[in-house]
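The next block holds one structure in the form of structure tokens; read it before the comments.
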Amino acid sequence: MKTKILMVCLGNICRSPLAEAILKSKLDPNYFFVDSAGTGDWHVNHAPDPRSVAIAKKNGLDISGQRGRQFRASDFKDFDHIFVMDNSNLKEVLLLTENKEEREKVTLILNALFENENVDVPDPYYGSADGFDQVFKLLDEACTVISKKLSNQLFQ
């Protein structure tokens, strides 16, 4: 059975599609499944933001085929790890939890880099293309740490 990981941001068109693609590129698809979702419903079935598509392409990843979807309570049953991009997403996701087991699946993604500091991945949506580059770098670093940790757990 594959370990299932979900990346969550607000609209599922900027940060979480990038996080999904970055983590997928670092994990063996025979053992891991990675997906993404948004807490809001504004971009359901929409392609990622063109700036996210461009920064992914610049870094050798193709996210153009991804489509937005909204986070749902059933994701707690379907996924082993849920990484959220910021404290607002964390609050929204935790509101849907029903028990300790579900809450323990949810983590701020940048806690992989800044343990227990609860640092947000900045939302680049209203900024310039430079913001997407910064977000990609942060997510790439965090996903490197996460992929090593998950792979080590799997192959211990």
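The values are calculated or read from the model by the stated rules, or taken from the named source; none is laboratory data. Not measured: the values here are computed from a predicted model. In this analysis, Cβ positions are derived from the backbone assuming ideal geometry, glycine residues included, and neighbour counts consider all displayed protein chains. Quick note on the areas: whole protein, heavy atoms, side chains included, nothing else; ligands and nucleic acids left out. Shrake-Rupley method; radii C 1.70, N 1.55, O 1.52, S 1.80 Å.
Name the residues in segment 37-48 that are assigned to a loop (DSSP other than H, G, I, E, B) and either open to solvent by less than 70 Å² (accessible area, probe 1.4 Å) or under 21 Å from A73 (Cβ atoms) (or both), would you?
T39, G40, D41, W42, H43, V44, N45, A47, P48 - these are the residues of segment 37-48 that are assigned to a loop (DSSP other than H, G, I, E, B) and either open to solvent by less than 70 Å² (accessible area, probe 1.4 Å) or under 21 Å from A73 (Cβ atoms) (or both).
Can you spot a residue in segment 121-130 that is open to solvent by 60 Å² or more (accessible area, probe 1.4 Å) and of a type in the set (A, V, I, L, M)?
yes
Failed condition for P29, given (1) part of a loop (DSSP other than H, G, I, E, B); (2) open to solvent by 30 Å² or more (accessible area, probe 1.4 Å); (3) in contact (Cβ under 8 Å) with a residue 24 or more places away in the chain; (4) not acidic (D, E), with all others met?
So P29 meets the others, but not (3).
Is there any pair with a first residue in segment 65-77 that is at positive phi and a second that is at pLDDT 95 or above whose Cβ atoms are under 9 Å apart and which are 6 or more apart or on different chains, and what are they?
Listed pairs, sorted by first residue: none to list.
Would you check which residues across segment 1-26 are free of Cβ contacts under 8 Å to residues at least 40 places away in the same chain and either part of a loop (DSSP other than H, G, I, E, B) or buried (at least 24 other Cβ atoms within 10 Å of the Cβ) (or both) and list them?
If the condition is that a residue be free of Cβ contacts under 8 Å to residues at least 40 places away in the same chain and either part of a loop (DSSP other than H, G, I, E, B) or buried (at least 24 other Cβ atoms within 10 Å of the Cβ) (or both), then M1, K2 are the ones that fit.
Which one of these does V34 not meet: (1) free of Cβ contacts under 8 Å to residues at least 60 places away in the same chain; (2) under 12 Å from the mean Cα position of the chain (by Cα); (3) in a helix (DSSP H, G or I)?
Among (1) free of Cβ contacts under 8 Å to residues at least 60 places away in the same chain; (2) under 12 Å from the mean Cα position of the chain (by Cα); (3) in a helix (DSSP H, G or I), the lone unmet condition for V34 is (3).
Please identify the pairs in which a residue from segment 113-139 that is part of a loop (DSSP other than H, G, I, E, B) has its Cβ atom under 8 Å from the Cβ atom of a residue that is surrounded by 13 or more Cβ atoms within 10 Å (Cβ to Cβ) and among the basic types (K, R), counting only partners at least 6 apart or on another chain.
Sorted first by the residue in segment 113-139, then by its partner, the pairs are V121/R15; D123/R15; P124/R15; P124/R51.
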